[in-house]
1. Consider residue 134 carefully, then state whether it is within 30 Å of residue 248 (Cβ to Cβ), away from ligand 2 (no atom under 16 Å from the Cβ), in contact with a Leu (Cβ under 8 Å, 6 or more places away or on another chain) and modelled with pLDDT of 90 or more.
2. Taking the options 169, 234, 145, name whichever one is modelled with pLDDT of 85 or more, within 16 Å of ligand 2 (Cβ to nearest atom) and farther than 30 Å from residue 78 by Cβ.
3. From the set of residues in region 172-181 that are in a loop (DSSP other than H, G, I, E, B) and more than 8 Å from ligand 2 (Cβ to nearest atom), which is farthest from residue 210 (Cα to Cα)?
4. Within region 215-225, can one find any residue that is in a strand (DSSP E or B), assigned by TED's automatic domain parsing to the domain that holds residue 147, within 16 Å of ligand 1 (Cβ to nearest atom) and touching a residue at least 24 places away in the same chain (Cβ under 8 Å)?
5. Out of the residues in region 195-208 that are of a type in the set (Ser, Thr, Tyr) and within 16 Å of ligand 2 (Cβ to nearest atom), which is surrounded by the fewest Cβ atoms within 10 Å (Cβ to Cβ)?
6. Considering only region 221-257, how many residues are charged (D, E, K, R), farther than 27 Å from residue 143 by Cα and surrounded by fewer than 16 Cβ atoms within 10 Å (Cβ to Cβ)?
7. What single numbered condition from (1) under 28 Å from residue 76 (Cα atoms); (2) surrounded by fewer than 12 Cβ atoms within 10 Å (Cβ to Cβ); (3) free of Cβ contacts under 8 Å to residues at least 12 places away in the same chain; (4) within 16 Å of ligand 1 (Cβ to nearest atom) fails to hold for residue 192?
Amino acid sequence: MRGKGKDPRETMAEKRDFYEVLGVDKNADNAALKKAFREMAKKYHPDTHPGDKEAEEKFKEASEAYAILSDPEKRQQYDQFGMAAFENGGGGGAGAGGFDFGGMDFSDIFGDLFGFGGGRTRQTYNGPMQGEDVRTSVRITFEEAIFGVDKEITISQKDECTSCHGTGAKAGTTPETCPKCNGKGQVVYTSQSFFGTVQNVTTCPDCHGTGKIIKHKCPDCSGTGFTSSKKKIAVSIPAGIDNGQMVRLRGKGEPGTRGGGRGDLLVQVIVGTSPKFARQDMDIFYQQDISFAQAALGSEVRIPTVDGDVIYTVRPGTQPGTRVRLKGKGVPSLRNKNVRGDQYVTLNVAVPTRLSDEAKEALRAYDLAAGDSLGKAERDAAPAEKESTSSEAGKTAGEKNSSENHKGKKTIFDKIKENFTE
Ligand SMILES: [Zn+2]
Ligand SMILES: [Zn+2]
């Protein structure tokens, strides 16, 4: 066992300062550390220097420095205590200076460097923080969703306080560096355990992690650094938007802190229903009533679309439930408003519930001319009545019908299916 001096750095005399190793200054942020390490790693990576002991040592040294400095907690411990911070319980100076590589995750940086995986850099502690996103919603009509609309919404928006410029300190005063944590925002508690000295890092209770103490609070923002006010914000809603979709307004969210940018405003669009139309994605559905005469004889009918009425020619003999497609009368694509869905129209043959005497008379006359369906039962029953009772005759007719159905004659269900394939 080697002896330990009072200054832990003395015993680690062979170890260079981590900042020196990476060639960065003490205030370097994570991005600068990463950049410096990438350069070192590229230069000395063992894969590019097989068998080169010196390069391997340099690479190890840089990796170790980066592993410590890129971790906010470890960096703070290193800044305060030097290498001693990592020797506790680490095997009493055995091996590579008491530093344990086990459990270190380099996939982040190596992913970036060598092109596999790749991860995010952690938010630099005390560095700029982007503001939070803010969510709100807006209601629009069915038609507005199809053609797009500009809306103005009113939201309560946070801004940096103009009196204190976001510091939260009363005019003429400045926030002071928190004496408890020396502005670091974190405090390290040391305790003894079976394994040695344990260091617990927690958010500073005095400054709540900001590193600053405001003695005289700004009266306009109560020391928060922010004020809220009602703001009108223009939202351009694109044609083709669907219910529940989101419009993102960059930089309209909450202000950032320590120089970070504003978050975004996320506006959820709630689309109203239409009394006429139904919508599914880019297609519109509509039910068009036509009269029996229109269906039988064929006719021009006006069909409403979101672009206004179109004249559609119903063919003679059109069956109830026939579907027709009006191309390009649907909803525009969000990506390209020149691309549009279709409108599907179901033609319903409407049966009148009220008829004038004149119309009834004409309909009876028509029926007689078209084969007298109204007198059919009477005619069919007439010969049967001579041989059997009317109830038996009814039974016979029913049996006859059902046997015909099973002989391959098309059922009503087949007809429905046919109509929907049109
Ligand atoms: Zn203020
Ligand atoms: Zn503090």
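1. Yes: the conditions hold for residue 134.
2. Going through 169, 234, 145 in turn, just one is modelled with pLDDT of 85 or more, within 16 Å of ligand 2 (Cβ to nearest atom) and farther than 30 Å from residue 78 by Cβ: 169.
3. This residue is 172.
4. There is at least one residue in region 215-225 that is in a strand (DSSP E or B), assigned by TED's automatic domain parsing to the domain that holds residue 147, within 16 Å of ligand 1 (Cβ to nearest atom) and touching a residue at least 24 places away in the same chain (Cβ under 8 Å).
5. Filtering first and then ranking leaves 202.
6. So the answer is 1.
7. Among (1) under 28 Å from residue 76 (Cα atoms); (2) surrounded by fewer than 12 Cβ atoms within 10 Å (Cβ to Cβ); (3) free of Cβ contacts under 8 Å to residues at least 12 places away in the same chain; (4) within 16 Å of ligand 1 (Cβ to nearest atom), residue 192 violates only (4).
Each row is one residue, and each column tells you yes or no for (1) part of a helix (DSSP H, G or I); (2) at pLDDT 95 or above; (3) in contact with a Gly (Cβ under 7 Å, 6 or more places away or on another chain).
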site	(1), (2), (3)
330	no, yes, yes
337	no, no, yes
358	yes, yes, no
382	yes, no, no
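The values are calculated or read from the model by the stated rules, or taken from the named source; none is laboratory data. Because the structure is predicted, anything quoted here is derived from the model rather than measured. A quick note on method: Cβ atoms are made from the backbone with ideal geometry, for glycine too, and the neighbour counts reach across all protein chains shown.
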